[in-house]
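J.: Before I ask anything, let me first share the structure, which is written out below as structure tokens.
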Amino acid sequence: MPSRFTINDLRTAAAGGKRSAMLTCYDYTTARQLDGVGVDMLLVGDSAASVMLGHDTTLPVSLDYMIAITAAVRRGAARAMVMGDMPFGSYHASLPQGVRNVCRMLKESNCDLVKIEAGPDHVRLIGKLADAGVGVVPHLGLRPQAVSLLGGYRAQGRTAVEANRLVDLAVAAARAGAVALLLEAVPPEVSQRVVERVGVPVIGCGAGPACHGHVVVLQDLLRQTPFQPRFVPTVTNGSLIEMAGQYVSQVRSGAYPLKAHCYDMPEEQRILFAAPGTLV
Ligand code: KIV
């Protein structure tokens with residue numbers, strides 16, 4: 001039995017400049033295959049709502065469903081660290097609701113870490129969860145659960161003001177006790193600044209080369225989805241095992257992500273963001 005990749009392994013890899021590979025996964029059989037390929041971390045994302053159930057957004061998926069599929073992935077993953085994902089509405093009503101439901105996810109699925117899409121309002125929840133002993137991973141940047149507020153899926157942090165807010169939130173989340181952060185669809189300058197400021201591993205999903213680990217939706221990598229975001233790497237067509245294996249090699253070698261996979265910040269905003277002082 002291989003020893004489990006843990007948050008300590010992610011920290012050690014990050015400190016040593018080694019990149020860790022994560023893919024989404026939603027079932028036992030696929031988890032076994034991805035585990036065999038050496039994928040370090042499996043995210044049982046609420047993207048299951050789209051790629052497993054055919055919904056337009058991630059919003060309709062329930063906590064019971066997320067717990068059931070996370071437990072299945074856990075059973076299939078001997079080595080990979082498994083991250084459960086809290087669905088929309090399961091932690092937004094109050095602190096006690098959030099703590100109760102995150103504890104349910106951890107106890108009933110046996111996952112290693114729990115991800116929540118976090119805004120400034122969730123910093124207190126992150127602190128409570130850390131106090132309770134939960135390895136909590138705030139998901140910042142593009143938050144697909146906020147699609148009705150954002151009016152679509154767009155890269156975030158592309159202006160200096162937005163970028164500074166994002167960095168401030170990342171720092172607050174790490175100070176509150178987050179064990180790692182996940183940054184989705186932000187320019188590389190922003191993730192670079194977050195990496196410099198937070199002192200915890202940062203996993204990027206379309207967030208550029210500074211991140212310590214990278215994640216993409218498995219079905220996007222396999223080109224099974226109708227549309228793939230620009231940050232999805234190109235791998236040669238083959239079996240699931242071959243394609244996932246190429247992804248792991250690209251992440252580990254630093255061949256992924258390239259500039260073509262990044263969201264840029266307009267030049268004038270980059271200059272403002274680089275200037276000292278916080279614009280808010
Ligand atoms: O649900 C998910 O798959 C995610 C990733 C896209 C980061 O949150």
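The values are calculated or read from the model by the stated rules, or taken from the named source; none is laboratory data. What you see is a predicted model; the values in this text were computed from it and never measured. Backbone-built Cβ (ideal geometry, glycine too); neighbour counts: all protein chains shown.
Okay, residues lined up against (1) assigned to a loop (DSSP other than H, G, I, E, B); (2) within 13 Å of the ligand (Cβ to nearest atom); (3) under 26 Å from Tyr65 (Cα atoms):
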{"position": "Met1", "(1), (2), (3)": "yes, no, no"}
{"position": "Leu10", "(1), (2), (3)": "no, no, no"}
{"position": "Gly17", "(1), (2), (3)": "yes, no, no"}
{"position": "Leu23", "(1), (2), (3)": "no, yes, yes"}
{"position": "Thr29", "(1), (2), (3)": "no, no, yes"}
{"position": "Leu34", "(1), (2), (3)": "no, no, yes"}
{"position": "Leu43", "(1), (2), (3)": "no, yes, yes"}
{"position": "Ser50", "(1), (2), (3)": "no, yes, yes"}
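J.: Select from segment 76-87 the residues that are assigned to a loop (DSSP other than H, G, I, E, B) and buried (at least 22 other Cβ atoms within 10 Å of the Cβ) and list them in ascending order. Steps first, please.
T.: Residues of segment 76-87 assigned to a loop (DSSP other than H, G, I, E, B): 77-80, 86-87.
Across segment 76-87, the qualifying residues are Ala77, Ala80, Met86, Pro87.
J.: Give the number of residues within segment 223-263 that are part of a loop (DSSP other than H, G, I, E, B), among the polar types (S, T, N, Q) and more than 26 Å from Glu189 (Cα to Cα). Walk me through how you get there before you give the answer.
T.: We begin by selecting, within segment 223-263, every residue part of a loop (DSSP other than H, G, I, E, B); these are 223-239, 254-258, 262-263.
Narrowing the set further to residues that are among the polar types (S, T, N, Q) leaves 224-225, 228, 234, 236-237, 239.
Now restrict to residues that are more than 26 Å from Glu189 (Cα to Cα): 224-225, 236-237, 239.
Total meeting the criteria: 5.
J.: Only one of these conditions is not met by Leu106: (1) of a type in the set (A, V, I, L, M); (2) farther than 19 Å from Asp35 by Cβ; (3) more than 16 Å from the chain's Cα centre (by Cα); (4) outside any helix (DSSP H, G or I). Which number is it?
T.: (4)
J.: Out of all the residues in segment 205-258, which are within 14 Å of the ligand (Cβ to nearest atom), crowded, with 19+ Cβ neighbours inside 10 Å and β-branched (Val, Ile, Thr)?
T.: Val215, Val216, Val217, Val232
J.: Let me ask something else. Hey, can you tell me all the residues within segment 114-128 that are of a type in the set (A, V, I, L, M), within 13 Å of the ligand (Cβ to nearest atom) and outside any loop (DSSP other than H, G, I, E, B)? Explain how you work it out, then say what you get.
T.: Keep residues of segment 114-128 that are of a type in the set (A, V, I, L, M), which gives 114, 116, 118, 123, 125-126.
Next cut, within 13 Å of the ligand (Cβ to nearest atom) only: 114, 116, 118.
Within segment 114-128, Val114, Ile116 meet the criteria.
J.: Hey, another quick one. What are the residues in segment 28-63 that are exposed (fewer than 15 other Cβ atoms within 10 Å of the Cβ) and among the acidic types (Asp, Glu), if any?
T.: Asp56
J.: Quick one: count up the residues across segment 179-204 that are of a type outside the set (Ser, Thr, Tyr) and within 15 Å of the ligand (Cβ to nearest atom).
T.: Going through segment 179-204, the residues of a type outside the set (Ser, Thr, Tyr) turn out to be 179-190, 192-204.
Still in the list and also within 15 Å of the ligand (Cβ to nearest atom): 180-186, 201-204.
The total comes to 11.
J.: Would you say Arg104 is within 16 Å of the ligand (Cβ to nearest atom) and basic (Lys, Arg)?
T.: no
J.: Counting only residues that are under 15 Å from Glu184 (Cβ atoms), surrounded by fewer than 17 Cβ atoms within 10 Å (Cβ to Cβ) and in contact (Cβ under 8 Å) with a residue 12 or more places away in the chain, how many does segment 151-174 have?
T.: Qualifying residue count for the region: 2.
J.: Ok, one more. Confirm whether Leu279 is surrounded by 13 or more Cβ atoms within 10 Å (Cβ to Cβ) and at pLDDT below 95.
T.: Working: surrounded by 13 or more Cβ atoms within 10 Å (Cβ to Cβ): yes; at pLDDT below 95: yes.
For Leu279, the condition - surrounded by 13 or more Cβ atoms within 10 Å (Cβ to Cβ) and at pLDDT below 95 - is met.
J.: Same structure again: So is Ser148 within 29 Å of Pro188 (Cα to Cα), of a type in the set (Ser, Thr, Tyr) and either part of a strand (DSSP E or B) or within 16 Å of the ligand (Cβ to nearest atom) (or both) or not?
T.: Criteria not met by Ser148.
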